[in-house]
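Enquirer: Below are the structure tokens for one structure; questions will follow.
The values are calculated or read from the model by the stated rules, or taken from the named source; none is laboratory data. Just so it is clear, the model here is predicted, and its values are computed rather than measured. Here the Cβ positions follow ideal geometry from the backbone for every residue, glycine too, while neighbour counts run over all protein chains shown. Areas reflect the complete protein model, heavy atoms only, side chains present, ligands, DNA and RNA absent. Shrake-Rupley method; radii C 1.70, N 1.55, O 1.52, S 1.80 Å.
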Amino acid sequence: MTQLPERTEKKLGLVIDLDTCVGCHACVVSCKGWNTENYGAPLSDQDPYGSAPSGTFLNRVHSYEVQPEEGAAQLIHFPKSCLHCEDAPCVTVCPTGASYKRVEDGIVLVNETDCIGCGLCAWACPYGAREMDAAEGVMKKCTLCVDRIYNENLPEEDREPACVRTCPAGARHFGDLGDPDSDVSQLVEARGGVDLMPEQGTKPVNKYLPPRPKDRMDRPAVQPEGDIDVLAPLLKPVAEEPKGFIGWLDKALEKI
């Protein structure tokens, strides 16, 4: 069985804002495109235009309707991929050493040349984040675009996972979660970021930012003392009573 490193120099991972994600699936498409053309074996599709299409994806977005204790129901979009756990059971269960966790940055990867397609890692992962590629017969998972984030031939702004670079809502963030001063760590601290299924004891590196409370039409938002609502003057009626032609038309319509 494969051994996990005692510690890693970094903890590279994602922070996903569930309050900002709009469920557009741009991250899914960009992930499929980049990883089909670059790292490892292509992500195959089976009968993509038929009656029962299927395929291999490293990132998926699930949508759930949630009913808060107060107010209307909310639609929450939940992106899910490998969480690059510190105590990754998918690594320790691998019989060939194909699944491993890198010491230098904590990224969990699969050496596809050593993978025998036994599927034990998929059974061990409590998040369902691994998928067997039907065409290649090897296990596939999120690589955090390891072939992209270290590629010095790319512009610096492109050296981040494809899903992060593509997200139009800015719901995905990438960085070193082992550094308390990093932007992602500060974001997790400020927004109360949480682990997915912490009871599993896997210590996932990726974090989720919970949705913020939504405004309600029947309860006006409380304006903090001293704050100025810059839109207030624009929202006031232009005139208390319509005059001129508009005033005549208004009175005429009242009699109909």
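Enquirer: In region 45-56, how many residues are closer than 27 Å to LEU109 by Cβ and over 22 Å from the mean Cα position of the chain (by Cα)?
Expert: 3
Enquirer: Still on this model: Do we have any residue at all in region 42-50 that's open to solvent by 60 Å² or more (accessible area, probe 1.4 Å), in contact (Cβ under 8 Å) with a residue 60 or more places away in the chain and within 27 Å of ALA98 (Cβ to Cβ)?
Expert: Yes, region 42-50 contains at least one residue that is open to solvent by 60 Å² or more (accessible area, probe 1.4 Å), in contact (Cβ under 8 Å) with a residue 60 or more places away in the chain and within 27 Å of ALA98 (Cβ to Cβ).
Enquirer: Check PRO180, PRO204, PRO211, PRO168 and return the single one that is farther than 22 Å from HIS77 by Cβ and in a loop (DSSP other than H, G, I, E, B).
Expert: PRO180
Enquirer: Something else: Which residues, counting only those in region 1-37, are more than 24 Å from THR202 (Cα to Cα), open to solvent by 50 Å² or more (accessible area, probe 1.4 Å) and in a loop (DSSP other than H, G, I, E, B)?
Expert: Of everything in region 1-37, those that are more than 24 Å from THR202 (Cα to Cα), open to solvent by 50 Å² or more (accessible area, probe 1.4 Å) and in a loop (DSSP other than H, G, I, E, B) turn out to be VAL22, CYS24, HIS25.
Enquirer: Does PRO161 satisfy the condition of being within 22 Å of THR143 (Cβ to Cβ), buried (at least 19 other Cβ atoms within 10 Å of the Cβ) and assigned by TED's automatic domain parsing to the domain that holds LEU144?
Expert: Judged against the criteria, PRO161 is a match.
Enquirer: Working only within region 71-105, note down all residues that are crowded, with 17+ Cβ neighbours inside 10 Å and at positive phi.
Expert: HIS84 - this is the single residue of region 71-105 that is crowded, with 17+ Cβ neighbours inside 10 Å and at positive phi.
Enquirer: From the list SER44, SER30, exactly one residue is in contact with a strand residue (DSSP E or B) (Cβ under 7 Å, 6 or more places away or on another chain) and hydroxyl-bearing (Ser, Thr, Tyr). Which is it?
Expert: On inspection, the qualifying residue turns out to be SER44.
Enquirer: Which residues, taken from region 136-153, are open to solvent by 40 Å² or more (accessible area, probe 1.4 Å) and more than 14 Å from CYS31 (Cα to Cα)?
Expert: If the condition is that a residue be open to solvent by 40 Å² or more (accessible area, probe 1.4 Å) and more than 14 Å from CYS31 (Cα to Cα), then GLU136, TYR150, ASN151, GLU152, ASN153 are the ones that fit.
Enquirer: Please count how many residues of region 122-135 are surrounded by fewer than 20 Cβ atoms within 10 Å (Cβ to Cβ), among the charged types (D, E, K, R) and out of contact with any Leu (no Cβ under 8 Å at 6 or more places or on another chain).
Expert: Matching residues across region 122-135 total 0.
Enquirer: Output the number of the condition that GLY119 fails; it satisfies all remaining conditions of (1) open to solvent by 20 Å² or more (accessible area, probe 1.4 Å); (2) over 23 Å from LYS10 (Cα atoms); (3) at pLDDT 95 or above.
Expert: (1)
Enquirer: Report the residue count in region 168-186 for those that are open to solvent by 30 Å² or more (accessible area, probe 1.4 Å) and at negative phi.
Expert: Number satisfying all stated conditions: 12.
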